[in-house]
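S.K.: Got a structure here, written out as structure tokens. Questions coming.
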Amino acid sequence: MFKKLFLLGMLLTGGMPVFAQKVSPELYKASTIPDSLKTDVDAVVRYRVDERIISAPGRMVNKVHSIVTLLNEKEEDGARMVIGYNKKSYINSFQMNVYNADGAIIKKYKKSDMYDRSAIDNISIITDERLKAISHTVAAYPVTVEMIFETEDDGGLSYGSWYLQSSERSVQYSSCSLVISPTAGLRYYNRNTGIKPQKSVINGNDVYSWSVSNLKGIKDEKGVPGWRVAPRIDFSPVNFQYDDRPGKLDTWENFGKWIQTLNSDVNTLPPARAEEFRKMTANFKTDKEKARFLYEYLQKNMRYVSIQLGIGGLKPFAASFVDEKKYGDCKALSNYMYAMLKAVNIPANYALIRAGKNEESADFTFSQNRFNHAILCIPFKNDTTWLECTSDTQPFGVLGAFTENRNALLITETGGKLVSTPKTKAISNALNSNVNIKLNEDGSAVTTVKLNNTGEFRSLMLGVAEMSVDEQKEFFIRYLKMKQPAVFNIKQADDKDGIKELELEMAYDKFSDVIAGPRQFYKPAAFDLWAYTCPVEEKRKADYYFDYPLQRNCVTTISLPEGFEVENMPANQALKFAYGDYTLNYAYDAAKNQVVSTAKFTLNNHVIPAAKYTEMQQYLDNVAKAQNKKLVIKRKA
């Protein structure tokens with residue numbers, strides 16, 4: 001049945017690039033999917049051929065032919081396609097065909113059917129990036145979607161990646177081949193796979209070919225970034241040409257030299273303006289004090305916007321432009337901070353990084369351009385300081401989970417150097433709370449919650465401060481797992497020295513869980529200090545990722561109604577696992593008729609090895625159980 005398919009695979013693995021070959025009609029029928037490929041998947045890649053032809057540095061034609069059977073509505077995005085383009089990249093052709101379960105065609109789309117718009121987003125205010133998109137509304141599953149398209153790139157820094165397989169999808173057959181001009185060169189890097197290419201030479205060009213078949217579905221594990229498990233191969237050039245500027249990407253050093261040259265004519269302020277900054281900082285005793293002042297000047301006077309025009313995707317706007325216009329993107333603002341420091345004779349380094357919580361770090365052994373953000377590094381003696389220049393709220397010298405704990409490409413006078421950014425400790429991301437709960441004899445209550453937040457919790461609460469009151473109420477009920485209050489008020493307090501304070505005032509018509517005669521049963525807290533548990537997994541394969549190390553502390557004072565006393569108080573708790581601990585202690589002050597609890601939850605490492613997953617899962621279950629213990633009070637006889 002699949003004779004033609006396997007013949008194509010033989011040609012590819014033999015080094016012969018083949019594209020858009022006629023495939024067996026059986027591949028369009030859902031009934032011909034092997035049973036072994038249907039388990040734990042939402043779609044099956046029946047056939048995919050990806051051919052990339054690099055005829056010169058920076059010049060690539062990419063041809064793709066794919067046939068995918070979508071089994072259910074979870075894969076509705078499989079009937080959609082978005083392709084970006086700009087002045088240097090083009091969509092040469094596109095067609096999408098949709099087939100029913102029996103393999104009969106039900107709809108055809110072509111390039112002229114795609115809608116076209118600017119690729120502007122909530123960050124970029126001006127861009128020359130555009131996109132074409134198409135979407136088919138699926139009436140019934142299974143359905144098979146075929147796509148055949150060709151794109152062209154004239155001036156790029158990457159040959160992209162080949163993903164052998166994505167989660168919840170099995171693969172019947174997929175191949176990728178690259179035809180490389182010797183003037184461009186190819187380097188490749190395997191991530192989560194050991195597959196090797198077949199190599200050959202055709203018409204003076206190097207040909208690399210990979211293929212896979214009959215890959216069973218990969219089931220998603222909770223709490224793991226896709227890059228940690230998805231099998232893929234990254235492709236990077238030896239020589240490239242970007243916006244008519246040649247460069248080399250064979251080493252981090254050489255790529256850094258190209259970036260350094262790119263920035264060299266835009267990182268100096270006009271002499272008069274530089275002199276102003278020298279006067280502004282003249283009375284500070286140390287370079288670090290000067291740098292702090294200039295960083296705060298940046299935060300107060302400049303705003304972040306993204307403008308992506310031409311080479312602007314890599315080259316910062318001139319420091320003089322930012323100084324005049326008072327805005328810039330991550331590159332422009334980092335470059336402006338560099339220029340201010342340069343004006344006062346403080347050495348600094350522009351740096352490229354892949355930003356995002358738990359994003360993939362650049363690899364020391366494989367230089368490639370997967371960066372999406374720029375930051376700044378000041379190499380003070382024995383005190384290297386990193387600056388996030390796009391934030392008007394981040395404390396001086398604090399990066400946060402967006403860029404910490406990964407490798408950044410430092411741009412030096414001698415080229416690029418890959419270095420590690422700092423890793424925060426749990427105490428740096430602290431949610432500290434002081435809670436007062438006044439119980440009434442009818443089971444109602446009034447509560448006051450004072451929050452004192454640092455690090456990522458501070459950033460979170462600064463975002464909450466921008467919400468409406470209704471949104472804030474919904475957020476805290478969901479985030480802290482609080483009971484629904486009848487009255488909710490929030491008071492914004494200070495934000496200084498890296499600490500954001502706020503206060504919640506709430507009233508509850510029913511705060512008790514149960515009232516039985518003279519007894520009342522309560523969950524003795526205004527909210528859960530930790531509200532997250534993990535599912536049981538017998539054979540965890542991947543490490544588990546939280547967003548960041550953290551600490552949560554809470555002191556809760558519960559004032560009993562007049563005429564009531566404690567009948568039963570929950571037992572104290574002391575729980576531990578390899579990367580954290582939880583303590584909860586209760587005390588009863590008979591004179592004040594108050595119950596005071598002190599709780600602390602610490603997560604010292606946000607990446608939990610797979611071998612420790614079960615221990616963590618049981619630990620978090622025990623934390624949840626400890627928080628659900630009841631305080632029982634009763635009316636005095």
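S.K.: Under 14 Å Cα-Cα from LYS510, which aspartates and glutamates qualify once same-chain neighbours fewer than 8 residues away are excluded?
M.R.: Within the straight-line cut-off, LYS510 pairs with GLU441, ASP442.
S.K.: Using amide H atoms built 1.01 Å from N in the peptide plane, name the residues 5+ places from PHE511, or on other chains, whose amide H lies under 5 Å from its own.
M.R.: SER444, ALA445
S.K.: Report the full-extension gain for the segment LYS381 to LYS219: residue separation times 0.36 nm, less the Cα-Cα distance, to one decimal in nm.
M.R.: Result for the pair: 53.5 nm of gain on full extension.
S.K.: Suppose only helical runs count, i.e. DSSP H with n ≥ 4. What mean residue ellipticity at 222 nm does that imply for the chain under -39500 (n - 2.57) per run, divided by all residues and rounded to the nearest 500 deg cm²/dmol?
M.R.: Value at 222 nm, helices only: -5000 deg cm²/dmol.
S.K.: Return, ordered by residue number, the residues of region 613-637 whose backbone nitrogen is under 15 Å from a label point located 7 Å along Cα→Cβ of LYS481.
M.R.: Within reach of a label on LYS481, which here means backbone N under 15 Å from a point 7 Å along Cα→Cβ, region 613-637 contributes 617-630.
S.K.: What is the antiparallel percent of DSSP beta bridges lying wholly in region 186-336, to the nearest 5?
M.R.: 90 percent
S.K.: Say a paramagnetic label sat at a point 7 Å from the Cα of ASN301, along Cα to Cβ; which residues of region 250-278 have their backbone N under 11 Å from it?
M.R.: Residues 273-278 qualify, since their backbone N sits under 11 Å from the label point.
S.K.: Take SER55 and LYS576, extend 7 Å from each Cα along the Cα→Cβ direction, and tell me the distance between the two endpoints in nm.
M.R.: Result: 6.7 nm between the two label points.
S.K.: Still on this structure, I have one more. Specify whether the C-alpha gyration tensor of region 437-489 places it in the rounded, prolate or oblate class, a ≥ b ≥ c being the square roots of the eigenvalues: rounded for a/c under 1.5, otherwise prolate if a/b is larger than b/c and oblate if not.
M.R.: prolate
S.K.: Can you work out ³J(HN,Hα) from phi for every residue in region 144-152, in order, using Karplus 6.51 cos²θ - 1.76 cosθ + 1.60 and θ = phi - 60°, giving whole Hz and x for Gly and Pro?
M.R.: Running phi through 6.51 cos²θ - 1.76 cosθ + 1.60 with θ = phi - 60° gives 10, 10, 10, 10, 9, 8, 9, 10, 9 Hz.
S.K.: Within the set LYS450/LYS630; LYS523/LYS636; LYS473/LYS600; LYS107/LYS222; LYS285/LYS425; LYS483/LYS600, which residue pairs have Cα atoms separated by over 26 Å?
M.R.: LYS107/LYS222; LYS285/LYS425
S.K.: Can you list the GluC sites (Glu not before Pro) in region 383-450 that are in a DSSP coil and have 15 or fewer other beta carbons within 10 angstrom?
M.R.: Of the GluC sites (Glu not before Pro), the ones in loops of region 383-450 whose Cβ has at most 15 other Cβ atoms within 10 Å are GLU413, GLU441.
S.K.: Would you mind computing, in nm to one decimal, how far apart the modelled labels at GLU73 and GLU567 are, each placed 7 Å from Cα along Cα→Cβ?
M.R.: 4.8 nm
S.K.: Could you calculate the FRET efficiency of ASP494 with ALA101 from 1/(1 + (r/R0)^6), where r is the beta carbon distance between them and R0 is 51 Å, rounded to 0.05?
M.R.: For ASP494 and ALA101, the calculated efficiency is 0.25.
S.K.: If you stretched the chain out fully between SER118 and ALA637, how much longer would it get, using 0.36 nm times the residue separation minus the C-alpha to C-alpha distance?
M.R.: Stretched out fully, the SER118 to ALA637 stretch lengthens by 179.3 nm.
S.K.: Which order do GLU276, GLU505 take by accessible area at a 1.4 Å probe, largest first?
M.R.: Heavy-atom accessible area, descending, gives GLU276, GLU505.
S.K.: Determine, from the Cβ-Cβ distance of SER420 and LYS111 and an R0 of 41 Å, the FRET efficiency 1/(1 + (r/R0)^6), rounded to the nearest 0.05.
M.R.: Between SER420 and LYS111 the formula returns 0.35.
S.K.: Hey, with R₀ at 41 Å, roughly what FRET efficiency would ASN628 and ASN372 work out to, going by the Cβ-Cβ distance, to 0.05?
M.R.: 0.45
S.K.: Let me ask something else. For region 356-363, in order, what is each residue's ³J(HN,Hα) by Karplus, 6.51 cos²θ - 1.76 cosθ + 1.60 with θ = phi - 60°, in whole Hz (x at glycine and Pro)?
M.R.: Working through the residues one at a time gives x, 4, 6, 6, 5, 8, 4, 9 Hz.
S.K.: Place a point 7 Å from Cα of ASP250 in the direction of its Cβ. Which residues in region 401-420 have their backbone N less than 16 Å from it?
M.R.: The answer is 416, whose backbone nitrogens lie closer than 16 Å to the label point.
S.K.: Decide, for region 114-255, between rounded, prolate and oblate: order the square roots of the alpha carbon gyration tensor eigenvalues as a ≥ b ≥ c, take rounded if a/c falls under 1.5, and otherwise choose prolate if a/b is larger than b/c, else oblate.
M.R.: In terms of gyration-tensor shape, oblate.
S.K.: Label-point separation (nm) for THR261 and GLN618, each offset 7 Å from Cα along Cα-to-Cβ?
M.R.: 6.0 nm
S.K.: Sticking with this one: Please list ARG130, ARG59 in order of solvent-accessible area, largest first, computed with a 1.4 Å probe with all protein chains present.
M.R.: ARG59, ARG130
S.K.: Enumerate the amide H contacts of SER89 below 5 Å, restricted to partners 5 or more residues apart or on another chain; note that Pro and chain-start residues carry no placed amide H.
M.R.: ASP154
S.K.: A follow-up question, please. Could you sort 246-252, 112-118 so that the peptide with the highest average Cβ count within 10 Å comes first and the rest follow in order?
M.R.: The packing order, highest mean first, is 246-252, 112-118.
S.K.: What is the set of long-range amide H partners of GLY397 at a cut-off below 5 Å, with H atoms built 1.01 Å from backbone N?
M.R.: Hits under the 5 Å cutoff: GLU388.
S.K.: Go through region 102-114 residue by residue and turn each phi into a ³J(HN,Hα) via Karplus (6.51, -1.76, 1.60, θ = phi - 60°); whole Hz please, and just put x for glycine and proline.
M.R.: 8, x, 8, 6, 10, 7, 10, 10, 10, 4, 5, 7, 6
S.K.: Apply the a/c threshold of 1.5 to the C-alpha gyration tensor of region 35-106 and tell me whether it is rounded, prolate or oblate.
M.R.: Taking the square roots of the gyration eigenvalues as a ≥ b ≥ c, region 35-106 is prolate.
The values are calculated or read from the model by the stated rules, or taken from the named source; none is laboratory data. These figures come from a predicted structure and were not determined experimentally. Backbone-built Cβ (ideal geometry, glycine too); neighbour counts: all protein chains shown. Remember, those area values only see protein heavy atoms, side chains included, never the ligands or the DNA or RNA. Shrake-Rupley method; radii C 1.70, N 1.55, O 1.52, S 1.80 Å.
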